[in-house]
């Protein structure tokens, strides 16, 4: 990873992920988390202010530790919930099976190297009957928008530190064996359609 990927790109992406429309999605999703929470792709800790300390026992934040994590010192120090940080890739989480009540994915599936492997790891760490809370941008439902996503993705992926515009969130979740619950599909306001399509909802981890 070069200088841009270590220092410049993470600051740009973190700034975009701090915009009010995206922060509002965090406010909707994160208060539902409870118990021991596995957050994959914790990055600079933008989710931390939105957990309910009355419901969350501990957040275990997993991240590869390149670029984004260095930006998180202030948010980590001010966390309202107990926090454990683990430097590891999403595809190989160094935790025991069946220990988390809730898993959280926000703006993470777009950039992991192997999203299906990451989701299978999350499912392994979740207790049977545990829930995955997710809010991800990705492949749109309109063919005309998808064509633009495919055209823009090679450049976007470089500028946005590995983020992909055209990953199909729902197909990935189903392919990893999650049971899909309530889902909202929508375009984020005030953003160009190729970067704005979102899936937000809850998925279940059935017993293996």
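The values are calculated or read from the model by the stated rules, or taken from the named source; none is laboratory data. Owing to the predicted nature of the structure, the values given are computational and were not obtained by experimental measurement. Here the Cβ positions follow ideal geometry from the backbone for every residue, glycine too, while neighbour counts run over all protein chains shown.
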Of (1) assigned to a helix (DSSP H, G or I); (2) surrounded by fewer than 17 Cβ atoms within 10 Å (Cβ to Cβ); (3) more than 18 Å from the chain's Cα centre (by Cα); (4) in contact (Cβ under 8 Å) with a residue 12 or more places away in the chain, residue 129 satisfies every one except (1)
Any residue at all in segment 90-107 that is part of a helix (DSSP H, G or I) and either at pLDDT below 95 or over 18 Å from residue 43 (Cβ atoms) (or both)?
-> no
Meets criteria (free of Cβ contacts under 8 Å to residues at least 60 places away in the same chain and closer than 17 Å to residue 132 by Cα) for residue 58 = yes
When you look at residue 90, is it more than 22 Å from residue 52 (Cα to Cα) and either surrounded by 17 or more Cβ atoms within 10 Å (Cβ to Cβ) or without any contact (Cβ under 8 Å) to a residue 24 or more places away in the chain (or both), yes or no?
-> yes
Output the residues belonging to segment 132-164 that are buried (at least 17 other Cβ atoms within 10 Å of the Cβ), touching a residue at least 40 places away in the same chain (Cβ under 8 Å) and either more than 17 Å from the chain's Cα centre (by Cα) or in a strand (DSSP E or B) (or both).
-> 132, 133, 134, 135, 136, 137, 140, 145, 148, 149
Does segment 167-185 include one or more residues that are touching a helix residue (DSSP H, G or I) at 6+ places or on another chain (Cβ under 7 Å), at pLDDT 95 or above and under 17 Å from residue 144 (Cβ atoms)?
-> no
When segment 199-208 is examined, which residues are found to be touching a helix residue (DSSP H, G or I) at 6+ places or on another chain (Cβ under 7 Å) and either under 18 Å from residue 19 (Cα atoms) or at pLDDT 95 or above (or both)?
-> 199, 200, 203
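Yes or no, residue by residue, for (1) surrounded by 21 or more Cβ atoms within 10 Å (Cβ to Cβ); (2) touching a strand residue (DSSP E or B) at 6+ places or on another chain (Cβ under 7 Å); (3) at pLDDT 95 or above:
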residue	(1), (2), (3)
3	no, no, no
18	no, no, no
41	yes, yes, no
49	no, no, no
52	no, no, yes
63	yes, yes, no
76	no, yes, no
